[in-house]
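> I have a structure here, written as structure tokens, and I will follow up with some questions on it.
The values are calculated or read from the model by the stated rules, or taken from the named source; none is laboratory data. Please read these numbers as outputs of a predicted model, since none were measured by experiment. Here Cβ is always computed from backbone atoms with ideal geometry, including for glycine, and neighbour counts include all displayed protein chains. Surface accessibility is based on the protein's heavy atoms, side chains included, excluding ligands, DNA and RNA. Shrake-Rupley method; radii C 1.70, N 1.55, O 1.52, S 1.80 Å.
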Amino acid sequence: MSPAEDALLLLRLAERHLGSLRGTLDPETFAEEDWGFLAQQTLEKLLKALLVLHCQEPPRSHSLQRLLQELARCGQTLGVAPELLELDDFAVLARYDADPTPLPAERRLLLEQLEAFHAEVRQRLS
């Protein structure tokens with residue numbers, strides 16, 4: 001596949017995650033840790049789609065900070081909301097901790113920020 005096709009595949013996966021996030025806004029039925037994990041995975045895939053688009057193999061890492069650093073090396077500076085970057089702990093740590101892990105912001109706000117970033121990535125892929 002071409003880099004553009006690979007990037008579109010990652011974008012479609014992120015869109016599937018966004019659909020799941022929309023359907024799980026109720027904290028009574030969907031745990032914060034699980035919602036945070038899915039939100040983190042969405043952002044991770046969007047960042048990796050941008051890396052692939054710029055002809056770079058994304059690192060095998062869940063670190064949002066590392067992905068942003070790789071994008072910066074490609075000359076891509078992005079305005080990612082600080083609350084979204086705080087989702088890093090949900091990639092691994094929160095899923096394996098028995099204690100509750102609060103989200104860095106309200107679910108609807110995080111979803112709005114993810115959807116806005118998704119729109120930005122989609123526009124770059126067009």
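> Does Thr29 satisfy the condition of being at pLDDT below 95, farther than 18 Å from Phe117 by Cα and touching a Phe, Trp or Tyr at 6+ places or on another chain (Cβ under 9 Å)?
no
> Another question about this same structure. Of (1) in contact with an Asp or Glu (Cβ under 9 Å, 6 or more places away or on another chain); (2) open to solvent by less than 70 Å² (accessible area, probe 1.4 Å), Leu13 satisfies all except one. Which?
With respect to (1) in contact with an Asp or Glu (Cβ under 9 Å, 6 or more places away or on another chain); (2) open to solvent by less than 70 Å² (accessible area, probe 1.4 Å), Leu13 is out only on (1).
> Taking the residues in segment 45-71 that are polar (S, T, N, Q) and surrounded by 14 or more Cβ atoms within 10 Å (Cβ to Cβ) as candidates, determine which candidate is farthest from Val121 (Cα to Cα). Steps first, answer last, please.
Narrowing segment 45-71 to residues polar (S, T, N, Q): 56, 61, 63, 65, 69.
Now drop any that are not surrounded by 14 or more Cβ atoms within 10 Å (Cβ to Cβ), which leaves 56, 63.
Working: Gln56: 16, Ser63: 18 Å.
Per the criteria, the residue is Ser63.
> Now, a different point. Find all pairs meeting these conditions: Cβ atoms under 6 angstrom apart; at least six residues apart or on different chains; first residue within segment 1-18 and under 11 Å from Lys45 (Cα atoms); second residue surrounded by 13 or more Cβ atoms within 10 Å (Cβ to Cβ) and of a type in the set (D, E, K, R).
Leu10/Lys45; Leu10/Lys48; Leu13/Lys45; Ala14/Lys45
> Given the criterion of a type in the set (A, V, I, L, M, F, W, C) and within 12 Å of the chain's Cα centre (by Cα), identify the matching residue among Ala39, Ala105, Ala94.
Among Ala39, Ala105, Ala94, only Ala39 is of a type in the set (A, V, I, L, M, F, W, C) and within 12 Å of the chain's Cα centre (by Cα).
> Here's another thing I want to ask about it. Any residue in segment 100-114 that is over 14 Å from Phe30 (Cβ atoms) and touching a residue at least 60 places away in the same chain (Cβ under 8 Å) sitting within a Cβ distance under 8 Å of a residue that is open to solvent by less than 40 Å² (accessible area, probe 1.4 Å) and among the polar types (S, T, N, Q)? List the pairs, counting only those 6 or more apart or interchain.
Leu114/Thr42
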